[in-house]
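Enquirer: One structure coming up, written as structure tokens, with questions to follow.
Read the figures in this text as sums done on the coordinates, not as results from a lab. Owing to the predicted nature of the structure, the values given are computational and were not obtained by experimental measurement. Don't worry about glycine lacking a Cβ; one is built from the backbone with ideal geometry, like all the others, and counts go over all protein chains shown.
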Amino acid sequence: MKKLLTTILSLGVAASAALAADSITAVKVSDVNDASAWAKAKYSSVTLYPQSAIHMNDKNANAANEGNKAKKADVAALYDGKNIALMVKWADSTKNVQGAHSTDTYSDGFALQFAGMSKKAGALPYIGMGSDGRPVVVHLQKATSSVYEPNGNKDVSTQINRQQTGVFGQELKDYDAKVASLAKTDYERVFVGEGFRSLTEIKDGSAQSNASMTHANNTWTATLVRPLSDSYMKSTGTVPVAIAVWDGSKLGRNGLKNLSSWVSVNLDGMKPDAKIVAETTEESKGNAAKGKEAVGANGCVGCHQIEATDAPNLMGPSLTNVGGYSTAAYLRESILKPSAVIVPGYNRNAHSNTPWYNIEKGKRVSAMTDFSFLDKQTVEDIVAYLKTIKAEVE
Ligand code: HEC
């Protein structure tokens with residue numbers, strides 16, 4: 001009896017350890033806005049892969065991000081009757097904040113993406129910006145400083161020196177009030193998107209949220225609080241979330257970031273949503289070695305860069321990290337129905353005769369060959385191989 005119990009216990013430990021990477025437990029608390037509630041949080045490690053599908057036009061940014069490795073983030077979640085709160089911590093030794101005036105500086109930042117209300121049954125939305133009929137809700141926070149930079153030189157001390165100028169009393173108070181009113185103290189945005197170029201900021205106040213980020217000990221700690229359900233999303237016992245972080249010191253912006261795959265956040269004490277859990281944790285049953293052969297035999301590398309050492313020929317998106325931020329279901333769909341999701345981006349650096357999609361009867365049609373003629377096993381083998389294509393952790 002005792003022995004059996006030990007076996008069960010150790011099985012339990014093994015199972016929860018295996019789950020740690022692709023699911024997060026949201027702990028139930030009475031109020032997620034009470035900072036002390038975080039003491040109860042359980043952290044899971046989530047890997048964020050360099051988004052490599054699109055090549056930037058900015059040569060410096062491309063050079064700064066060449067050979068980028070994946071990053072680990074520690075992620076925890078809390079929920080109460082109304083809201084969900086997420087905390088994300090990741091290492092970044094340089095603090096880059098949004099400049100008030102300079103347009104050539106890039107800031108650190110983070111985004112949390114949720115699956116929006118979908119008219120279509122089926123897979124989760126495309127990880128970057130949603131897809132037709134499968135919207136996403138994106139909460140973005142950029143690092144800002146509360147410093148007023150009238151001349152953009154960050155040398156605020158030369159503009160007013162409390163010791164050496166004759167400014168004091170009411171004058172000084174007025175100056176401080178002006179600084180506070182002009183300072184860029186927050187840069188939080190909420191977007192909805194349903195595919196390429198559809199990301200639209202919600203400005204009418206109908207999206208309630210509060211995001212913040214603080215930098216200490218070479219680490220960013222970011223939090224977001226938003227309703228579990230609102231007019232943009234409805235939560236079940238499992239909330240699918242994707243995490244993105246930007247590194248300003250590497251000129252990161254827009255698509256140039258580190259991105260996780262969809263991760264399940266299970267609300268502790270509630271029934272998990274089996275469908276979402278299955279999709280976010282699915283391991284392909286195919287044979288990756290055979291998949292690699294099939295990729296060669298079917299000419300995928302004629303259009304895609306697969307290994308970092310392959311020449312980026314840009315006939316299609318680079319797949320060098322596709323296994324890191326894509327679910328097996330998404331990869332399967334990409335092969336069988338290339339037009340179901342059109343990857344945001346186009347063939348910037350190659351010939352204009354080879355766009356990534358064409359418009360036919362008002363609809364975007366992928367330039368990728370339709371591989372639905374492949375037999376089921378070959379597709380699974382390719383999916384298993386694609387899942388292995390990702391950078392190692394730095
Ligand atoms: C004729 C060129 C071409 C060939 C051959 C081709 N693809 Fe593609 N592929 C594209 C283009 C263009 C896109 C982007 C448009 C879209 O999303 O369909 C794409 C998109 C993809 C995506 C989605 C990438 C992302 O970042 O989300 C995957 C995965 C993919 N292809 C896998 C394959 C595999 C596997 C093969 C071989 C079996 C293959 N492709 C063969 C052109 C091609």
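Enquirer: Taking θ as phi - 60°, what are the ³J(HN,Hα) couplings along segment 362-371 by the Karplus curve (6.51, -1.76, 1.60), each to the nearest whole Hz, with x for Gly and Pro?
Expert: With coefficients 6.51, -1.76 and 1.60, one gets x, 10, 7, 10, 4, 7, 6, 4, 7, 9 Hz.
Enquirer: For segment 286-301, just list the computed ³J(HN,Hα) in residue order, Karplus coefficients 6.51, -1.76 and 1.60, θ = phi - 60°, integers in Hz, with x standing in for Gly and Pro.
Expert: 3J(HN,Hα) across segment 286-301, in whole Hz: x, 9, 4, 5, 5, x, 4, 4, 5, 5, x, 5, 9, x, 4, 6.
Enquirer: Quick check on segment 288-388: take the gyration tensor over C-alpha atoms, sort the square-rooted eigenvalues as a ≥ b ≥ c, and tell me if it's rounded (a/c under 1.5), prolate or oblate.
Expert: oblate
Enquirer: If you take the square roots of the eigenvalues of the alpha-carbon gyration tensor of segment 227-347 and sort them as a ≥ b ≥ c, do you get rounded (a/c under 1.5), prolate (a/b over b/c) or oblate?
Expert: Oblate.
Enquirer: Here is a further query. Expressed in nm to one decimal, what extension gain is obtained for the pair Ala289 and Lys40 from 0.36 nm per residue of sequence separation less their Cα-Cα distance?
Expert: Additional length available on full extension: 85.3 nm.
Enquirer: Going by how many other Cβ atoms sit within 10 Å of their own, how do Asp204, Asp273 line up, fewest first?
Expert: Asp204, Asp273
Enquirer: Where does the charge balance sit around Asp34 when Lys and Arg score +1, Asp and Glu -1, over other residues with C-beta under 11 Å from its C-beta?
Expert: -1
Enquirer: I would also like to ask the following. List the relative contact order of segment 288-388 as a percent without decimals, with contacts defined as Cα pairs under 8 Å and 6+ residues apart.
Expert: Relative contact order of segment 288-388: 39 percent.
Enquirer: In whole Hz, with x marking every Gly and Pro, tabulate ³J(HN,Hα) for segment 380-390 from phi via Karplus 6.51 cos²θ - 1.76 cosθ + 1.60, θ = phi - 60°.
Expert: In residue order, the calculated couplings are 5, 4, 5, 4, 4, 5, 4, 4, 7, 8, 6 Hz.
Enquirer: Okay, moving on. Determine the distance separating the Cα centre of segment 218-247 from the Cα centre of segment 265-293; give it in Å without decimals.
Expert: First find each Cα centre; the distance between them is then 20 Å.
Enquirer: Then there is this: Let me make sure I get this right: for segment 206-263, a, b and c are the square roots of the gyration tensor eigenvalues over alpha carbons, sorted descending. Under 1.5 in a/c it's rounded, otherwise prolate if a/b > b/c, else oblate. Which is it?
Expert: Verdict is prolate for segment 206-263.
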